[in-house]
Amino acid sequence: MPWKETCPVDQRVRFIAAIQEDPKGNFARLCASFGISRSKGYKWLTRYRELGPAGLEDQKPVARSCPHRTPDAVIDRVVAIRKKHPYDGPKKLRRRLLEREPELAVPAASTIGDILDKYGLIRPRRMRLRVPPNPSPLDPCVEPNDVWCVDFKGHFALRDGTRCHPLTITDGATRYLIKCEARGGETHAEVLPHFELAFREFGIPRRIRSDNGAPFATKTLGGLSRLSVWWICTETTRA
């Protein structure tokens, strides 16, 4: 029989109190008087001795097993293929596993994403620089070197697993392609030498137009980056 409907915790307290009043009494008879089995009585007695009165409170059930848990061998394969292809997402990784190891019980793409997140294999998305739109029109480009336009034209993977970041510099008036360089990243160190070479070969433009991404702009006051400050200093030195 279960505990009486009054209050299970109060019944357990009375049960423990009855044991303490007569520690050498008949335990089976005492359990029967409270309408519980001996195993149930030993359970609450053990919890009281280990946790005190708090052990008599109801506790949330804890699952001892998870039948649909992804096997460790599958998790190891997901982690290994992610390290081999660090730029592939869960869907591409799942497709690779299905093609290479058809005998493997490959989990769903959502499960693969959870595995990558658990093991710290997902790169956080970079915050984009938000600036208010400029209502004024762009300055006209009438003559060469009035305005240079600089940008990174996306990036793509190479056969050796690295990525190529194409840097382009064009003249706004003539649309002449001043520079088109394959770089290993979009950093100040990757860009600066090519601007130095372009300035020496074509001169210094009056203005340089870019987007708000690195390394052309930052989230600092005025949106200036190391590269944009260097542009200003170079123009000032020429003047």
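The values are calculated or read from the model by the stated rules, or taken from the named source; none is laboratory data. Just so we're clear, the structure is a prediction, and the values are computed from it rather than from any experiment. When we count neighbours, we look across all protein chains shown, and the Cβ atoms used for this are built from the backbone with ideal geometry, even at glycine.
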Open item on the list: For the stretch 188-201, check the following and say yes or no: at least one residue is within 30 Å of K84 (Cα to Cα), touching a Gly at 6+ places or on another chain (Cβ under 7 Å) and in a loop (DSSP other than H, G, I, E, B).
Closed with: no
Open item on the list: Tell me whether the stretch 95-103 contains one or more residues that are outside the structural domain of T162 (by TED's automatic domain parsing), at pLDDT below 95, under 16 Å from the mean Cα position of the chain (by Cα) and of a type in the set (A, V, I, L, M).
Closed with: no
- [ ] Among the residues of the stretch 8-24, count how many are at pLDDT below 85 and loosely packed, with under 11 Cβ neighbours inside 10 Å.
- [x] 3
- [ ] Can you confirm whether the stretch 136-147 contains a residue that is part of a strand (DSSP E or B), at pLDDT 90 or above and out of contact with any Phe, Trp or Tyr (no Cβ under 6 Å at 6 or more places or on another chain)?
- [x] yes
- [ ] State whether one or more residues within the stretch 192-201 are charged (D, E, K, R) and either buried (at least 18 other Cβ atoms within 10 Å of the Cβ) or in contact with a strand residue (DSSP E or B) (Cβ under 6 Å, 6 or more places away or on another chain) (or both).
- [x] no
TODO: Kindly provide the set of residues from the stretch 93-106 that are surrounded by 14 or more Cβ atoms within 10 Å (Cβ to Cβ) and of a type in the set (K, R), ordered by number.
DONE: R94, R96
TODO: List the helices (runs of 4 or more DSSP H) that sit entirely inside the stretch 1-118 and contain at least 2 residues that are hydroxyl-bearing (S, T, Y).
DONE: 38-51, 109-118
Open item on the list: Looking only at the stretch 172-187, how many residues end up being surrounded by 14 or more Cβ atoms within 10 Å (Cβ to Cβ) and not acidic (D, E)?
Closed with: 7
Task: Pairs with Cβ under 6 Å, 6+ apart, first in the stretch 203-230 and surrounded by fewer than 16 Cβ atoms within 10 Å (Cβ to Cβ), second not hydrophobic (A, V, I, L, M, F, W, C) - done: G203/N145; R206/D146; R226/H188
